[in-house]
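To start, the structure itself, in structure tokens.
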Amino acid sequence: MSDAVLEIRNLSVSYPAPNGGRSQVLSDLSLTIGAGEVVALVGESGSGKTTTAQSVIGLLAEGARIEGGSIQVLGQEVITLREAALNGLRGRVVSLIPQDPGASLNPVRTIGAQVAEVLAAHGVPPVLRRDRVIELLARVGLSEPERRFAQYPHELSGGMKQRVLIAIAIALEPALIIADEPTSALDVTVQRRILDLIDDLRRKAGTAVLLVTHDLAVASDRADRIVVLKSGRVQEQGAVSAVLKAPASAYARQLLADAPAFAVARARPVPLGGNTAVRVEDLRVEFVQRGTMAFRAVDGLSFSVPRGTTHAIVGKSGSGKTSAMRAIVGLARPTSGRIVIGGDEITGQRGEDLRQFRRKIQLVYQNPWGSLDQRQTVSQIIAEPLINFEPVAKAERDARVRAILDRVALPAEVLARRPAALSGGQRQRVAIARALILKPQVVVLDEAVSALDVTVQAQILRLLDDLQRDLGLTYLFVSHDLSVVRAIADSVTVLHQGRPVETGPVRQVFANPASEHTRALIDAIPGARRAPALQGA
């Protein structure tokens, strides 16, 4: 393409290997992006997506080496540029929207100062910067941009922080934006707004976009072409419609099969017996700060969950999902209402009674990197609940740890490793094993797969399904990802501003939503218009 904004030819990149040699992470990768075009680079963790993005912008990790190939931006070779020339390229010609706004923004600098930084780096006079920053904040759809200018990152929501990163990326109207998983941690409605914003900027300014994602549904909604990457090699590339309709490679077919947005909801038989594992009645949770009125985070939540089934609590950020979950597992005291787990009301429990209750209900967090002690081995992590709640002889404890490790399909050799030596999917399996070691009746899964790529996500969902069937577990599944909810849950409660707007069987709610809010959530699912219709709904 003579008019290509980005042209990569036969790019190969290696990293140092533990044995002293080199490990090839990209091999002969080629792709092009024209003005106003969106190309999605899709693949699982470790496929080379981020290395490709870092190569384009000259920010490869220490030790990385480009072994061969060419990267041209607007006809200029990037690989041979010195650092000073690369600094001139970054922001003005190529900009990056990183994945995690929480980690990407400086917590001790105001929003205005951080957006102004890119302007200062490229010579915009100080007298013009404030007005330009406020204009950018308004352009990306932030309300009260003058107020946001003086705020700090912790005062903004996740979606607002992501808009700030977009403002930084578009400040100098670059020819190419690299969007690296820009919406993976956002709820579907915020995700849709962010993607709409990027799309609007592309149409108006003719900006080219390299969309780096593991989410094939997002790629199908927003990209013109898809490049499928595995183990550093391109498996196939082509127009979105062609790849989705008839993927040529086995790997692309597997990605399609694993993507929950394209899965057909299946009928899940409800276990017989009628026993109720969880019952929540008129739950209210309020927070009171000094000098302010009480804020009601959860208002009138009621539902029941038959033993051996999965109930999902869904809603966008700020809907009250986390507050409800914390009350149900005994980590926060509700203002009023009843919570009954396995026949025992826990609402008024305190002290040792509350501690013993936690044997019945266990929690798996979203991010195993943050929830697992990095100083402990896998064996110590899984055994810790036994030590705290059920002291047994070391031989028996070790045997139970090995048995539960086998249940979550991890090899015995990981017992001596620490979390840093495991993949994301392996760490989440360790977190699940730790939750199951006490044989709980109920497991609460708090966004337990949202940080995983679709292939690993599918593996974890199949694991959870197998464990539920074999052990009779009851799940509470807290999520913003309605595609995953459709794949795993039997019933669902939709929260909006703390209030339940709909509760019912998943197939019924998805097929015939009764509330406008639920319809908006379902319509915002990436790839929904391409997903198969729900069978039997």
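The values are calculated or read from the model by the stated rules, or taken from the named source; none is laboratory data. Nothing here was measured: the structure is a model prediction, and the numbers come from that model. Counting neighbours? That spans all protein chains shown, and the Cβs are built from the backbone with ideal geometry, glycine included. The protein model used for the area step is the full one, side chains on, heavy atoms only, and it has no ligands, DNA or RNA in it. Shrake-Rupley method; radii C 1.70, N 1.55, O 1.52, S 1.80 Å.
Summary of computed values
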quantity	calculated
Single residue of segment 239-284 satisfying the filter (within 30 Å of Gln497 (Cβ to Cβ) and open to solvent by 20 Å² or more (accessible area, probe 1.4 Å)) that is modelled with the lowest pLDDT	Arg268
Yes/no for Arg130 being basic (Lys, Arg), over 15 Å from Glu173 (Cα atoms) and open to solvent by less than 50 Å² (accessible area, probe 1.4 Å)	no
Unmet criterion (only one of (1) crowded, with 18+ Cβ neighbours inside 10 Å; (2) under 16 Å from Gln366 (Cα atoms)) for Val408	(2)
The one condition in (1) farther than 23 Å from Ala520 by Cβ; (2) in contact with a strand residue (DSSP E or B) (Cβ under 8 Å, 6 or more places away or on another chain) that Arg148 fails to fulfil	(2)
Among (1) at pLDDT below 90; (2) in a loop (DSSP other than H, G, I, E, B); (3) open to solvent by 70 Å² or more (accessible area, probe 1.4 Å) - the single one Thr80 does not satisfy	(1)
Of the criteria (1) buried (at least 23 other Cβ atoms within 10 Å of the Cβ); (2) touching a strand residue (DSSP E or B) at 6+ places or on another chain (Cβ under 7 Å), which one Gln191 fails	(2)
Given (1) out of contact with any Leu (no Cβ under 9 Å at 6 or more places or on another chain); (2) free of Cβ contacts under 8 Å to residues at least 24 places away in the same chain, number of the condition Ile346 does not satisfy	(1)
Members of segment 388-399 found to be under 25 Å from Leu354 (Cα atoms) and at pLDDT 90 or above, listed by number	Arg397
Within segment 95-111, tally of residues that are assigned to a helix (DSSP H, G or I) and open to solvent by less than 60 Å² (accessible area, probe 1.4 Å)	4
Residue that is of a type in the set (D, E, K, R), touching a His at 6+ places or on another chain (Cβ under 9 Å) and surrounded by fewer than 23 Cβ atoms within 10 Å (Cβ to Cβ), where the choices are Glu146, Glu181, Glu155, Glu173	Glu181
Failed criterion for Ala403 (all others in (1) over 26 Å from Ser319 (Cβ atoms); (2) hydrophobic (A, V, I, L, M, F, W, C); (3) open to solvent by 20 Å² or more (accessible area, probe 1.4 Å); (4) modelled with pLDDT under 90 hold)	(4)
Among residues of segment 309-340, those that are assigned to a loop (DSSP other than H, G, I, E, B), closer than 30 Å to Asp470 by Cα and in contact with a strand residue (DSSP E or B) (Cβ under 6 Å, 6 or more places away or on another chain), counted	2
Residue match in segment 462-477 (condition: farther than 17 Å from His311 by Cα, in contact with a strand residue (DSSP E or B) (Cβ under 9 Å, 6 or more places away or on another chain) and either open to solvent by less than 10 Å² (accessible area, probe 1.4 Å) or at pLDDT 85 or above (or both))	no
Test result for Val454, modelled with pLDDT under 85 and in contact with a His (Cβ under 6 Å, 6 or more places away or on another chain)	yes
Residue count, segment 364-390 (criterion: touching a strand residue (DSSP E or B) at 6+ places or on another chain (Cβ under 6 Å) and either assigned to a loop (DSSP other than H, G, I, E, B) or surrounded by fewer than 18 Cβ atoms within 10 Å (Cβ to Cβ) (or both))	2
Residue under evaluation Ser45, criteria (1) touching a residue at least 12 places away in the same chain (Cβ under 8 Å); (2) outside any loop (DSSP other than H, G, I, E, B); (3) not aliphatic (A, V, I, L, M), criterion not met	(2)
Where a residue in segment 486-502 is closer than 22 Å to Ala297 by Cβ and assigned to a strand (DSSP E or B) and its partner, wherever it lies, is acidic (Asp, Glu) and open to solvent by 10 Å² or more (accessible area, probe 1.4 Å), with Cβ under 7 Å and at least six apart	Val494/Glu502; Arg499/Asp299
Top-ranked residue in segment 112-124 [being open to solvent by less than 60 Å² (accessible area, probe 1.4 Å) and of a type outside the set (Gly, Ala, Ser); ranked as nearest to Leu195 (Cα to Cα)]	Val115
Any chance Val118 is closer than 30 Å to Val25 by Cβ, part of a helix (DSSP H, G or I), of a type in the set (A, V, I, L, M, F, W, C) and in contact with a helix residue (DSSP H, G or I) (Cβ under 7 Å, 6 or more places away or on another chain)	yes
Residues being of a type in the set (Gly, Ala, Ser), open to solvent by less than 50 Å² (accessible area, probe 1.4 Å) and farther than 13 Å from Thr32 by Cβ - total across segment 218-238	4
Qualifying residue in segment 513-531 (condition: within 21 Å of the chain's Cα centre (by Cα) and either at pLDDT 90 or above or of a type in the set (S, T, N, Q) (or both))	yes
Residue that is most open to solvent (accessible area, probe 1.4 Å), among those in segment 503-524 that are touching a strand residue (DSSP E or B) at 6+ places or on another chain (Cβ under 6 Å) and not in a strand (DSSP E or B)	Ala514
